[in-house]
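Values quoted throughout were computed directly from the atomic coordinates according to the rules given, and no laboratory measurement underlies them. This one's a predicted model, so the numbers in the text were calculated from it and none came from an experiment. Reconstructed Cβ throughout: ideal geometry from the backbone, glycine too, with neighbour counts over all protein chains shown.
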Amino acid sequence: MISMNNTLTDSETLNLLLVSCSGASNTGCYADRAVRELAESGRAEMICLPKVAIDDKKIIEKLKTTTKKVVVVDGCPLNCAEKIMKSRGIDNFVHINVTQFGITKGKTPLTREKPDEVTGYIKAIN
């Protein structure tokens, strides 16, 4: 299990671009929920992983040239999001996997606490 102190207030904007697995498993749901909550709060920006996968030049250029920290959140040990990013020549990111938080693919039911733990970790990356 990973833990980091979250020293940001809930109103501070994060200097982050977030990319998430949104896979069909519970772990993909955890990854997506954590990233989506930060994006929907207006504190960070979420990038569409399928646009990277289909070689959307505008999104890829944005990811390659951003001054923001890019955080890629995968849901399971396959690390599809990380692989998609690297396949497009993007390697300037911090990679995390929700399994690092004690979430087991196909077993850990979705709770409120685990996405909060993941978002807290992401906020501390800022």
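So the values come out like this:
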{"quantity": "Residues whose placed amide H lies under 5 Å from that of M46, excluding near-sequence neighbours", "calculated": "L18"}
{"quantity": "Peptides 108-114, 31-37 ordered by average Cβ neighbours within 10 Å, highest first", "calculated": "31-37, 108-114"}
{"quantity": "Cross-link pairs beyond the 23 Å C-alpha cut-off, checked among K68/K107; K51/K86; K58/K123; K69/K123; K58/K105", "calculated": "K68/K107; K58/K123; K58/K105"}
{"quantity": "For I96, net neighbour charge (Lys/Arg +1, Asp/Glu -1) across residues whose Cβ lies under 10 Å away", "calculated": "-2"}
